[in-house]
Amino acid sequence: MRLIENWFSERYSDNLQLSFRVQDQLLSVKTDYQRIDLFNTYDFGKLLSIDGTVQLTEKDEYIYHEMITMVPYYCTARSESALIIGGGDGGAAKRLLNLGIKRIVNVEIDQNVVEISKKYFPDLASSFDNKNVELIIGDGIKYIKDTNELFDLIIIDSTDPVGPAEGLFDRNFYENARSKLVDDGIIVTQSGSPYYQPEALKMATKGMKSVFDNVKTYIAFIPTYPSGLWSFTMASKSEIKQRKDIIKPGKYFNEDILKGAFYLPQFVKNIINNSI
Ligand code: SAM
């Protein structure tokens, strides 16, 4: 008897891809912005992919979501309000609620991501039902230009810098974001895999350095993202330093990670230093 196996692969380069063995494909839709696929995988539970790239899996989403929220949170003096751009799955909003943030605006361009997450990742998307979260379906680039509100934290939880997210990595966008941050506020963006996507890290570093005096990169191990090594880049008008609070650990994040995540391999430092 022939054994039938189904696999989803994300291509990292012309010569390398990572494949997940899947039980079923639960969904595939082409929206106005992107193609969304959802799989039930053997090792990582449900996996959401956008344009062929892994966005999140049930099993390891906590690493990305903790690192994009808890690191900047513990680097601000006080965080009472936050703006999330992207993040239609609700995972970043969920972590900010856990941190006690009282005002969260989440601007996601694609309503379909929110609907899919409500159905398949209810634990994450339930954050959108919380009275402290205002969900806006719209383009984050336009929102940040038009809003009059100032935020303590701005979190860019976007797809890679192609398609609708491209403009979330340029100087113009960071200039607008700077004017919507309080003086000691922090903006953070996911800036891709330093190994396979050095251009994303370069774009974020260059864009942020052109408008902020203080820019810092940190890294995390995310098994389902290209190469497993992921970067985040944060910036502020003020010096970035750790707040004095007692740190409550997550499942990945803890006090050691808050320090150690900023220690970078030399090849990552070289990408950053060559970004100007
Ligand atoms: N954890 C993910 C990662 O790094 O792979 C990101 C997850 S989240 C699902 C990314 C979201 O950003 C997508 O739902 C996408 O629709 C949204 N997005 C992309 N460009 C956007 C824009 N210009 N404004 C608002 N949301 C945007």
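Which trypsin sites (Lys or Arg not before Pro) in region 104-162 pass both tests, a DSSP loop state and at most 13 other beta-carbon atoms within 10 Å?
Taking region 104-162 and a limit of 13 other Cβ atoms within 10 Å, the loop trypsin sites (Lys or Arg not before Pro) found are K131.
Rounded to two decimal places and with Rh computed the Kirkwood way over Cα pairs, what is Rg over Rh for region 135-276?
0.95
Based only on Cα atoms, what mean projected area does the convex hull of region 1-75 have, in nm²?
Its Cα hull, projected and averaged over all orientations, spans 7.3 nm².
If you take every residue apart from T224 with its C-beta less than 10 Å away from the C-beta of T224, what net charge results, scoring Lys and Arg +1 and Asp and Glu -1?
Residues close to T224 contribute a combined charge of -3.
For region 86-217, place one equal point scatterer on every Cα, skip the solvent, and apply the Debye formula. What is log10 of I(q)/I(0) at q = 0.15 Å⁻¹?
The computed values of log10 I(q)/I(0) come out as -0.73.
Summing Lys, Arg as +1 and Asp, Glu as -1, what charge do residues with Cβ under 9 Å from the Cβ of H65 carry, H65 excluded?
Computed value for this residue: -2.
State the extension gain, in nm to one decimal, for the chain segment bounded by Q25 and N274, taking 0.36 nm per residue of separation less the distance between their alpha-carbons.
Extending this stretch completely gives an extra 85.5 nm.
Along region 214-230, what does the Karplus equation 6.51 cos²θ - 1.76 cosθ + 1.60 (θ = phi - 60°) give for ³J(HN,Hα), rounded to whole Hz, x for Gly and Pro?
So the J values, rounded to whole Hz, are 10, 9, 9, 10, 9, 10, 8, 8, 10, x, 9, 9, x, 6, x, 9, 10.
Cβ under 15 Å from A235's Cβ, A235 left aside: what net charge do those residues give with Lys, Arg +1 and Asp, Glu -1?
+2
By count of other Cβ within 10 Å, fewest leading, how are S210, S191, S117 ordered?
Going from sparsest to densest Cβ surroundings: S210, S117, S191.
Quick one: compute the contact order of region 1-54, relative version, from alpha carbon pairs under 8 angstrom and 6+ residues apart, as a percent.
About 27 percent, as a whole number.
Based only on other Cβ atoms within 10 Å, what is the fewest-to-most ordering of E108, E5?
The most exposed by this proxy come first: E5, E108.
In region 14-135, what % of DSSP beta bridges are antiparallel (nearest 5)?
70
For the chain, what is the Kirkwood hydrodynamic radius in Å, using each pair of distinct C-alpha atoms?
Kirkwood radius, the chain: 18.8 Å.
Provide the percentage of antiparallel DSSP beta bridges, counting only those with both residues in the chain; round to the nearest 5.
The antiparallel fraction comes to roughly 65 percent.
Quick one: order W230, W7 by neighbouring beta-carbon count within 10 Å, fewest to most.
W7, W230
Based on the Kirkwood radius over alpha-carbon pairs, what value in µm²/s does the Stokes-Einstein equation return for the translational diffusion coefficient of region 195-236 at 25 °C and 0.890 mPa s?
226
Excluding residues fewer than 8 places away in the same chain, name every one of the lysines whose C-alpha is closer than 26 Å to that of K59.
K30, K46, K94, K118, K119, K248, K251, K259
All of the numbers you see were taken from the coordinates with simple rules; none came from a lab. All figures in this text were calculated on a predicted structure; none of them were measured in a lab. Every residue, glycine among them, receives a Cβ derived from its backbone with ideal geometry; neighbour counts consider all protein chains shown.
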